[in-house]
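The values are calculated or read from the model by the stated rules, or taken from the named source; none is laboratory data. Quick caveat, the model's predicted, so the values are computed rather than measured. Cβ placement follows ideal geometry from the backbone for every residue including glycine, while neighbour counts extend to all protein chains displayed.
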Amino acid sequence: MNVPVLQADIHKGGYQESDVVQDIALEVYPGELVGLLGPNGAGKSTTIKSLLGILPKFEGSIEIKDYAYIPERPIYYEGWTLYEHFTFLFSTLEESFPEEKVGALLHEFGLYDMRHHYPERFSKGMQQKGMILLSLLRRPDVYIIDEPFMGLDPKAVKRFLTMVKEEQKRGAGVLMSTHVLDTAEKICDRFILMAEGKIIASGTMEEIRRASGLPEASLFDCFDALT
Amino acid sequence: MKGKKLFVERWKEEKRYQKEVMSGVVDLVTFLYIIGPLLFIIPYIYIELWRMPSLYWSENLPITLLLLLLAAAGGGSFRFYVKEADKLFLLQLNGVIAEMKRHGGLVTFGFIMLKSFLLTVAALPILYNFYGYSIGDAGLIVGWLSFYGWLVAMAKLTVTGKWRLKFVHAFLILLFMGNVQFFMEPGIFLVEGAVVLVVIWLFFKHSILRTGNLDVEIEEERRARQRYLGLIFQASMETETPVGPGGKRPFFYRKSGRMFTSEASSSYLLEGLFKAFLRRKEWVGYFQILGLSMLGVLLLPLWAKFLVLLTGLLFLHSWLRYIFEQLLTSLFFFVVTFRKEDESLVWKKFRNTLFGIAALLLCLEIGVLILGV
């Protein structure tokens, strides 16, 4: 394969008082979707924060191309309407604002009528839809996505997965943390399984099955056996 | 646990909470210099109000004003002491919640009556000396004010929509004022009282003793619990009290319109910060600083005018820098990052605009005052 769009070698990462993650080495290549899996408290979100450089304690190296981040909890700028988030996004990309394209996507995700409202007042699912659109419209080299399915309705999940597929075809890499293992098994090219702040297994579905000693098992069963 | 016992436990917990909040505000110095003297002064003022009422009120003032003041100080909220966690633990034990709320309702009734009694006693010297009400009339006024308070408390739990509630509240104020001015008859009082009690009894039976309205009751409980806490925070100099944008849609630039025509990325960032400045009501602080400085310039002697101009502008400059940094401190900028090189340019424009307006106004004021002299 060619040069990774994300390459991380995290020796230690955590907060002031303790290390949460240790010895995490991962790569994401163009067009690849890597699932970051693990039970609650395994260190997935801390790993993502390390990649973003927003962790108070960090030792290691990160090489990352232009990225977009979809946080677990949608984050908006207080005092801006949803539409203003989009206009701001395109100003940072130094591209002219594609009004029709944005309008069509907002329609598709059921957000058009509320485009001039404050997104903080939206339901969790609608906030998440807006966040996904903001990230996907950036068309970066790599996506870092933290629990994207939380609060999304099935239709929005399907549309989101289609858009991710399109981005992969374009050549974007994706690192996605999730607990929805059935979906992860269907869409991810590789998996990184974490527990207690460390990687306990990684690789393709076949490699995960071998590591878990369950040659025919689903990702769900492998996850259960390994964690 | 039975509903009554649970109510008593919650009531005690509430008192402990209020005590903690009060002890955080009233320290020895506050007590010695403010609360203590007030405890002495209030009875003295009340006696004075009976002896020389014209010192405190004028016969030219309409009774409507006094009744409006009474209505503003009256009212109330039902306190049922319900909590979010009750949905998990008590929802299936409907009898316990209902019993707890019944006690809460009764205590609220009593509390509103007591409050109405104290307010009427406080207003009695004016009602007696200026508007010809007798001491005996005070009983009816306590009753009207209590009815008003109960109905306001009920409306807060039953009327949906901010404006509809305001409308109902205004109607209840008019009803109270009309009653006191035109219907001071025991017969009318008894009939109206009976109607109010039936309405409240129906409200209890069909709403309060059921769980269908629990979310509204929890929200109202939270609001009632934090009402005075919010006031304390607003009055405190050391506590940061950010004001978020209100409503679903912005008041300024309702349709997300552009402020500037420039397509440069720095223009969009500057525009975003100005919009946030307007919508998060940061401008209130700006006009407070500017207004105080202008007042100082207006009132103080010439040499002090320049001192106020200098210190006011210096303070405004550091305040603007602080607000600018606050506006840029958002996790959203990890999702959509802006060009770091834009920051200094945007700061200059942000500062120059707001600082420039203030400096211009203050200098103009000084100029006009000097020329006027």
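Numbers below:
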| read-out | value |
| --- | --- |
| Test: residue in region A:207-219 that is within 14 Å of another protein chain (Cβ to nearest Cβ) and of a type in the set (Val, Ile, Thr) | no |
| Residue selected from region B:321-354 under the condition among the polar types (S, T, N, Q) and away from chain A (no Cβ under 14 Å), by the criterion nearest to the chain's Cα centre (by Cα) | B:Thr353 |
| Long-range neighbours under 7 Å by Cβ, at least six apart or interchain, first residue farther than 20 Å from A:Ile64 by Cα and within 14 Å of another protein chain (Cβ to nearest Cβ) within region A:138-165, second crowded, with 21+ Cβ neighbours inside 10 Å and not β-branched (Val, Ile, Thr) | A:Pro148/A:Phe160; A:Pro148/A:Met176 |
| Single residue of region B:230-252 satisfying the filter (modelled with pLDDT of 65 or more, surrounded by 14 or more Cβ atoms within 10 Å (Cβ to Cβ) and not charged (D, E, K, R)) that is farthest from the chain's Cα centre (by Cα) | B:Phe252 |
| Strands (runs of 3 or more DSSP E) lying entirely in region A:10-120 (those with 3 or more residues that are within 14 Å of another protein chain (Cβ to nearest Cβ)) | A:67-70 |
| Scope region B:253-272; condition surrounded by 15 or more Cβ atoms within 10 Å (Cβ to Cβ), closer than 20 Å to A:His117 by Cβ and more than 9 Å from chain A (Cβ to nearest Cβ); matching residues | B:Met259 |
| B:Gly143 being part of a helix (DSSP H, G or I) and under 25 Å from B:Arg102 (Cα atoms) | yes |
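Here is a yes/no grid of residues against (1) in contact (Cβ under 8 Å) with a residue 12 or more places away in the chain; (2) in contact with a Lys or Arg (Cβ under 6 Å, 6 or more places away or on another chain):
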| site | (1), (2) |
| --- | --- |
| B:Lys5 | no, no |
| B:Lys15 | no, no |
| B:Met22 | no, no |
| B:Leu28 | no, no |
| B:Pro43 | no, no |
| B:Ile63 | yes, no |
| B:Leu70 | yes, no |
| B:Tyr81 | yes, yes |
| B:Lys87 | yes, no |
